[in-house]
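Throughout, read-outs are computed from the coordinates displayed, never taken from laboratory work. Here the structure is a predicted model, which means the values were calculated and not measured. Backbone-built Cβ (ideal geometry, glycine too); neighbour counts: all protein chains shown.
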Amino acid sequence: MIRTDSIKRALIRFLPLTPGIFLAVLIPRYWVNLPQYDEWDSVTFFEHLSHGTLTAGLLFKQANEYRQFFPNVIVVALGWVTHWDVRYDMVVIFIAACLIAMNIRRLAAGTIEADPIKFSIVVLFGNLIIFSPTQYENWLQAQQLVYYLPILCVTAGILIARSQLATFTKFIICGALSTISMFSSANGVVCWVTVLPVLLCFEWPRNAHLVRWLTGGWLAALALNLALYLYHYQKPWWSPSPLSGFYHPVQAAIYFLGFVGAPFGLERARLSIIAGTILFASFVCVWIYFLRHRSDRALKARAIGWLMIGSYSVLTAAMTTIGRVGMGAGQSQSPRYIGFSAYLVVSLIFLVNIIAGDMSQRRGHTSPRKFHRLNWAVVIVLVLYQPFMLSLSFRKMEMWQTRLQQAKASILLINVLQDTLLTKILYPNLPYLAEKSNALDSLGFLRPSLIRTNHLKEFSINDFDPKSCGSLGSGGLAGNQYTALGWATLPGEHRMPDAIILAYDTGDGDEIAFALTHPARIAGAGNSEIGSWQLRFSSEQLPRAPVTITAWAFSADTGKARRMNGALKMITGEQNLVTDPQ
């Protein structure tokens with residue numbers, strides 16, 4: 001009996017941890033050590049740091065609409081120690097999510113009246129949202145710490161406000177957290193707005209006179225933060241007008257609801273709008289119930305923190321709608337925004353439990369062991385959604401990894417063969433990418449190093465039979481455009497190559513790289529990770545002499561190329577292609 005009770009207690013404690021443990025296993029499966037998007041701007045910090053010229057002003061400098069001073073400090077400090085292996089930044093993001101989950105659990109422990117099993121289930125469903133793989137863009141991008149610091153500050157501030165610390169101490173700590181939030185993300189100001197009501201709820205009855213003065217100081221600190229944030233602020237040239245929603249209210253409403261419902265939208269705008277309508281309506285109903293019973297101090301103390309967490313998501317959705325509605329409703333479905341909107345769902349999970357219990361008590365039912373029908377509705381929806389969420393997440397994370405592996409191959413070859421697709425995957429300016437890639441390489445922060453020669457013998461290996469690496473065939477000739485095609489794999493790494501390189505040899509045994517493409521995974525190939533490829537090139541890319549064309553499978557992990565089976569012999573300008581009989 002004792003052993004059974006011990007197992008039961010262990011399961012109750014372990015169950016809420018499973019979503020975090022699952023994500024901790026999943027992230028290393030798909031991460032790629034490569035900067036993405038705005039992360040390339042951070043290379044400038046390391047350049048200045050290496051020259052001893054990095055200043056607080058540079059770290060404070062506006063990036064898009066952000067003043068992300070504190071995330072910049074973390075990135076630079078961690079990057080200098082790790083030679084900017086961005087996977088460590090992803091670990092920090094995961095740790096931030098764990099701290100948020102810990103704060104949520106501590107808040108639940110002080111507000112949820114339930115037996116251990118019921119409490120464990122409620123916390124489990126909260127963690128399913130917090131650690132949902134549908135936020136894959138946030139888990140697999142190093143810069144996304146800016147999406148988690150504000151809500152970490154909000155949840156920590158709410159716990160501080162509920163603590164037994166002195167009133168003055170609470171305001172000082174919460175003001176510091178709000179400042180960190182303010183200078184971490186564009187929505188950081190929401191921390192100032194959502195933490196103050198919790199402070200007032202718990203401190204006004206204790207010392208109204210002091211709280212009145214401290215609230216004045218709070219508002220003054222907020223004004224100072226806003227002035228500092230807006231100092232020399234410039235609206236990004238690409239950002240839509242903030243008045244777009246005013247002129248197009250229907251589009252604004254659609255964007256807002258799509259943003260709010262994204263955690264259940266499965267990246268489909270219509271489904272997100274439906275889910276957003278239900279979630280927002282539910283949150284409004286919760287507020288109405290709360291306001292109707294605002295004289296109930298016990299209910300107010302239990303609910304106010306969760307109401308502010310939900311308000312954090314709603315206010316962030318409103319801010320994002322103002323700034324982004326001009327980009328179209330589809331933009332609201334970006335998976336990274338779930339890092340903001342998820343906390344409305346989290347708050348509702350706990351608010352439904354609180355209100356369901358309060359309704360039962362008002363009707364004379366006091367048993368905390370039974371789930372109210374509202375609780376069961378939440379449980380059923382979350383359980384039914386999980387297979388769809390996981391299926392979407394696995395597929396998207398695999399696509400994300402493949403795309404980044406191929407982008408990394410193109411970065412390693414950027415001095416030899418420039419790939420214009422990088423402007424759609426990593427950064428819109430190819431010369432800037434080349435400049436910063438070389439800067440990273442000179443700092444020793446790019447692993448493996450850049451390829452600096454188009455001679456294949458300098459970065460190729462022959463550790464496998466060419467027949468096991470793939471094949472090269474002819475796709476025909478149209479005008480001066482030749483087509484080469486085939487299949488490819490990396491037998492040593494048990495996956496398809498990250499890039500296919502074509503090289504020509506004029507007869508001296510020196511293969512010169514001249515064209516680049518990326519393979520596509522062959523459906524139904526099983527675990528063999530075989531990719532098919534096709535590449536068109538023109539006669540202008542070849543010398544006017546008899547040449548032999550060969551294909552090479554390139555790995556971004558090793559920076560090495562392997563020869564594939566087959567060759568094409570041709571003379572530029574002639575209308576024939578002869579396949580090597582080997």
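Expected output is a single nm value to one decimal: the length gained when fully extending between Val193 and Ala478, i.e. 0.36 nm times separation in residues minus the C-alpha distance. What is it?
Gain in length upon complete extension: 96.1 nm.
For Ser6 and Arg447 in one chain, what is 0.36 nm times their gap in residues minus the Cα-Cα distance, to one decimal in nm?
154.0 nm
Can you give the FRET efficiency for Lys235 and Asn429, using 1/(1 + (r/R0)^6), R0 = 25 Å, r = Cβ-Cβ distance, to the nearest 0.05?
Plugging the Cβ-Cβ distance into 1/(1 + (r/R0)^6) gives 0.80.
What is the sum of charges around Glu267, taking Lys and Arg as +1, Asp and Glu as -1, for the other residues whose C-beta is under 14 Å from the C-beta of Glu267?
On the way: positive: Arg268, Arg270, Arg336, Arg395, Lys396; negative: Glu137.
Surrounding charge for Glu267 is +4.
For a quick check: sort Ser163, Ser6, Ser313 by the number of other beta carbons within 10 angstrom, fewest at the front.
By the 10 Å Cβ count, ascending: Ser6, Ser163, Ser313.
Please sort 93-101, 120-128, 283-291 by packing, taking for each peptide the average over its residues of neighbouring beta carbons within 10 angstrom, highest first.
Those peptides, ordered most packed to least, come out 120-128, 93-101, 283-291.
Please sort 186-197, 511-522 by packing, taking for each peptide the average over its residues of neighbouring beta carbons within 10 angstrom, highest first.
Numbers: 186-197: 23.7, 511-522: 19.6.
Ranking, from highest mean packing down: 186-197, 511-522.
For each of Tyr432, Tyr229, count neighbouring Cβ atoms within 10 Å of the residue's Cβ, then give the residues from fewest to most.
Going from least to most buried by this count: Tyr432, Tyr229.
In whole percent, what relative contact order does the chain give with Cα contacts below 8 Å and a gap of six or more residues? It would help to have the intermediate numbers written out before the result.
Values: 927 pairs, mean separation 72.3, N = 582.
The value is 12 percent.
Please sort through the DSSP H helices of the chain and keep those with an alpha-carbon extent of at least 27 Å along the long axis and a Kyte-Doolittle average not below 1.0.
Numbers: long enough: 86-111 (38 Å, 1.28); 208-230 (33 Å, 1.21); 269-292 (34 Å, 1.68); 297-324 (39 Å, 0.62); 338-362 (36 Å, 1.34); 373-412 (57 Å, 0.47).
The answer, listed by residue number, is 86-111, 208-230, 269-292, 338-362.
May I ask you to list the lysines whose Cα is less than 20 Å away from that of Lys408, ignoring any residue fewer than eight positions away on the same chain?
Hits, sequence-local ones excluded: Lys396, Lys424, Lys436, Lys560.
Pairs of alpha-carbon atoms within less than 8 angstrom and 6+ residues apart define the contacts here; what relative contact order does the stretch 456-579 have, in percent? Don't skip to the answer; put the middle values down first.
On the way: 308 pairs, mean separation 39.9, N = 124.
Dividing the mean separation by the residue count of the stretch 456-579 yields 32 percent.
Do you know the relative contact order of the stretch 200-358, to the nearest whole percent, from alpha carbon pairs under 8 angstrom that are 6+ apart?
29
Sum up the charges of everything whose Cβ sits under 9 Å from the Cβ of Lys457, counting Lys and Arg as +1 and Asp and Glu as -1, but leave Lys457 out.
Local charge sum for Lys457: -3.
Going Cα to Cα from Lys235, which lysines come in below 22 Å? Please leave out same-chain ones fewer than 8 positions away.
Lys61
Count the DSSP beta bridges whose two residues both fall in the stretch 456-579, then state the antiparallel fraction as a percent rounded to the nearest 5.
So the antiparallel bridges in the stretch 456-579 amount to around 95 percent.
Ranked by Cβ crowding within 10 angstrom, fewest neighbours first, how are Met102, Met182 ordered?
Lowest count first: Met102, Met182.
Under 27 Å Cα to Cα from Lys118, which lysines show up? Leave out anything in the same chain fewer than 8 places away.
Correct list for Lys118: Lys8, Lys300, Lys370.
When you count, for each residue, the other Cβ atoms within 10 Å and take the mean per peptide, how do 218-225, 264-271, 301-308, 199-206 rank with the highest first? Kindly include the intermediate steps, with their values, before the conclusion.
Values: 218-225: 15.1, 264-271: 18.4, 301-308: 23.5, 199-206: 16.9.
Final packing ranking: 301-308, 264-271, 199-206, 218-225.
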